[in-house]
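Quick notes on the structure that follows.
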């Protein structure tokens with residue numbers, strides 16, 4: 001890693017329990033990096049159900065197209081993820097590399113190619129030499145173990161400065177189930193483009209349509225509420241694998257997302273995705289501050305979300321936060337440019353508990369010293385109240401520092 | 001100015017002729033700066049027609065609201081612009097300051113307050129002390145001269161690194177008319193927000209509705225095609241004043257924007273606005289490269305424009321250009337995230353004449369050395385062909401460098 005570990009990295013790391021039905025191995029295939037793992041293999045028990053959420057890019061990577069197509073066929077027996085090459089914008093060669101990888105993995109796992117799910121992250125536009133998987137996947141399948149979670153998170157890092165993993169438990173009719181997740185955040189390596197990848201595994205027995213509904217819902221308020229630089233990857237992939245192994249311990253198989261017996265699971269899943277999404281923002285390129293933007297009083301939740309994203313993506317707001325400046329003028333600017341209903345003279349803006357503006361002007365009680373002290377913190381809460389309705393949203397981002405420019409622009413100089 | 005003159009500044013400066021019916025003065029009102037002019041006064045002959053285009057922000061500044069309201073009443077006798085304070089997000093005090101400024105100016109100019117147009121740029125959220133105009137505007141009106149164009153452009157600078165002004169001529173039925181314009185670009189000063197201001201003056205006799213139509217049309221492909229950081233100001237103002245003084249030299253008064261006798265004027269106006277818009281991009285904060293993004297082959301011009309803006313606002317594309325990296329992968333990403341129709345496998349991307357990608361993959365003839373040589377240039381042309389239709393657009397921007405972060409984030413450190 002060319003950059004030091006983010007100051008916003010976790011201070012403690014979770015112990016990751018096994019997920020019955022899931023085994024993991026990592027390998028060094030030499031796709032691009034030397035001396036580090038770049039392949040993650042996850043073996044999945046027969047009967048594993050799968051849900052996925054993918055990039056909305058109109059130019060998705062070949063692995064994204066593969067996963068989308070195979071999700072509809074049902075069943076998953078293996079997941080193969082590589083770092084070092086995104087296999088994106090690689091034309092017909094990209095599709096061929098995906099098919100070849102799935103074929104190699106299916107032989108290793110003893111399943112059909114369409115039961116293999118794939119993701120790639122790293123260089124864009126370079127053909128991926130899928131033959132490199134030949135040397136490692138059979139060995140991965142033979143030696144996969146239940147407890148290699150930290151290693152799995154490390155194998156998919158690009159310029160992430162720390163591995164991202166989290167765990168939760170929930171009970172379904174009194175039976176405890178496990179949910180483990182790993183993610184990689186917004187890192188780049190020259191001349192590459194970041195991808196956001198996250199994989200979640202559970203032993204809960206949940207039918208695919210319900211699983212997909214739960215994942216889509218939980219994504220809306222977690223990963224879809226994170227932004228580092230507003231640039232959407234061609235490869236964003238979030239998949240949830242449910243092995244159903246908890247059925248052996250008496251957990252009922254559940255068919256409907258709204259079944260009340262899933263309430264605890266849904267909450268735990270949301271909590272897990274929130275944590276992983278927060279780690280992605282906290283490892284945003286060059287980040288020195290973690291920022292939670294809340295918008296209240298909008299005409300709808302969707303309107304609040306668009307305004308919150310306008311604030312969180314504004315380079316002027318983000319550089320002000322980097323400069324530890326409670327610059328609410330730039331927040332007003334970002335509200336105004338969002339194109340959503342807003343009334344300048346009803347706006348109120350707070351940093352933490354410090355209200356800096358109210359009724360469309362500086363708060364008469366504004367205390368510059370208190371605001372400056374607050375802005376020196378590592379975690380910044382920025383709240384805008386529009387005073388128009390009940391719409392609300394919350395998004396996470398980070399500040400914009402010179403290190404972001406160094407990571408993404410300086411490598412040729 | 002805390003920053004050195006942009007390397008993209010003009011190498012030569014135009015001689016600005018007088019515009020009959022327009023006189024100019026500048027003054028030091030001490031609104032925020034010391035030792036420099038911060039007020040521009042332009043006196044306008046009786047009968048001057050006015051057109052304006054303003055920020056689309058939902059939170060516009062008080063002067064923007066003033067100009068919008070008075071544009072409908074017709075007639076302009078004076079323009080007053082100050083730097084140092086944007087009078088934005090100042091609540092009721094902002095409206096009061098605008099009314100007071102117009103009242104002072106109307107006494108100086110001998111006209112009604114609604115015939116005074118106003119713009120302010122600088123600090124946001126600070127009340128503007130309009131009484132400071134009392135000391136300078138009468139003197140400005142008494143001593144305004146026809147040839148203070150460079151001084152006028154300097155008086156409205158904030159962190160612009162050079163003054164922006166341009167001139168054109170056109171003929172209307174054989175009579176030559178003048179069009180002069182000044183602008184200020186995207187500069188910031190702590191803790192302020194940039195505003196884009198531009199003012200254009202002509203002696204052509206053109207009725208207000210036609211003038212507004214011409215201005216709106218020419219703006220669509222000039223100022224509305226410039227982006228530095230995607231952050232829309234609360235104060236953006238572009239106004240066109242037509243004194244009609246050329247009628248004394250035999251120019252006919254023209255009522256309709258589509259009158260063929262205005263073809264030359266419309267072309268000259270477009271050319272002038274293009275030049276001013278380009279200077280704004282060339283003085284973008286921290287800019288070291290000027291970038292022209294062209295998108296062809298889209299399903300419509302509007303779709304092409306949205307894709308071009310997605311590219312021009314992408315921090316990853318802009319940092320790659322700063323790093324002199326022909327990173328077409330990031331261009332693909334920006335095309336994909338725009339949400340507009342695109343077919344990855346038909347995309348072609350060129351830097352200058354060097355085609356780097358075709359049919360959704362790297363160009364087989366791609367020459368890394370030639371691309372690197374091209375990227376070291378000061379002016380970069382980036383062209384994307386979508387291969388879908390006839391829609392086309394062109395936008396201007398600049399690269400994203402560490403100096404942008406310094407200007408906007410480092411002032412507290």
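Just so it is clear, none of the values below were taken in a lab; they were calculated from the coordinates. Note that the structure is predicted; figures quoted are calculated from it, not measured. Methodologically, a virtual Cβ is constructed for each residue, glycine included, from the backbone with ideal geometry; neighbour enumeration extends over all protein chains shown.
Summary of packing: across the peptides A:81-92, B:280-291, the per-residue average of other C-beta atoms within 10 Å ranks them, highest first, as A:81-92, B:280-291. Across peptide A:334-346, the average count of Cβ atoms from other chains found within 10 Å of a residue's Cβ is 5. Closest approach of any chain B Cβ to the axis that rotates B onto A belongs to B:402, 2, distance given in whole Å. On a C-alpha basis, how far is the centre of segment A:42-60 from the centre of segment B:261-316 in Å? Whole number, if you could? One Cα centre to the other: 40 Å.
For the protein assembly as shown, the spread of Cα coordinates along the three principal axes comes to 94, 61, 42 Å, biggest extent given first.
Efficiency by 1/(1 + (r/R0)^6): what FRET value for residue B:376 and residue B:147, r their Cβ-Cβ distance, R0 = 41 Å, to the nearest 0.05?
Given R0 = 41 Å and the Cβ-Cβ separation, E is 0.50.
Taking a ≥ b ≥ c as the square roots of the eigenvalues of the Cα gyration tensor, an a/c ratio of 1.5 or more together with a/b no larger than b/c marks segment B:369-413 as oblate. Taking every residue in B:56-69 and counting other chain Cβ atoms within 10 Å of its Cβ, the average works out to 3.
Full extension of the segment from residue A:13 to residue A:343, taken as 0.36 nm per residue of separation minus the current Cα-Cα distance, would add 114.4 nm. Classification of segment A:37-140 by its C-alpha gyration tensor yields an oblate form. The axis ratio a/c (a ≥ b ≥ c) is 1.5 or more, and b/c is at least a/b.
Three principal axis extents of segment A:76-231 based on alpha-carbon atoms, in descending order, are 49, 41, 28 Å. The mean sequence separation of alpha-carbon pairs under 8 Å and at least six residues apart, normalised by the residue count of chain B, gives a relative contact order of 18 percent.
Which whole number gives the average, over all residues in A:396-409, of C-beta atoms from other chains lying within 10 Å of the residue C-beta?
Partner Cβ neighbours, averaged per residue: 5.
For the listed peptides B:319-330, B:53-64, A:168-179, a ranking on the average number of other beta carbons within 10 Å per residue, highest first, reads B:319-330, B:53-64, A:168-179.
Let's test the formula: R0 of 45 Å, r as the Cβ-Cβ distance of residue A:367 and residue A:217. What FRET efficiency results, to the nearest 0.05?
Here the calculated transfer efficiency is 0.65.
Sorted on the mean count of surrounding Cβ atoms within 10 Å across their residues, most packed first, peptides A:365-371, A:157-163, A:38-44, A:67-73 read A:38-44, A:157-163, A:67-73, A:365-371.
Just the C-alpha atoms of chain B: what Rg/Rh do they give, with Rh taken as the Kirkwood radius? A ratio of 1.00.
Could you tell me whether segment B:290-409 comes out rounded, prolate or oblate from its Cα gyration tensor? Rule is a ≥ b ≥ c as square roots of the eigenvalues, rounded for a/c under 1.5, then prolate if a/b exceeds b/c, otherwise oblate. Oblate shape, in that a/c is at least 1.5 and b/c is the bigger or equal ratio.
Each 10 Å bin from zero up to the one holding the largest Cα-Cα distance in segment A:1-73 carries the following percent of pairs: 13, 25, 42, 20, 1.
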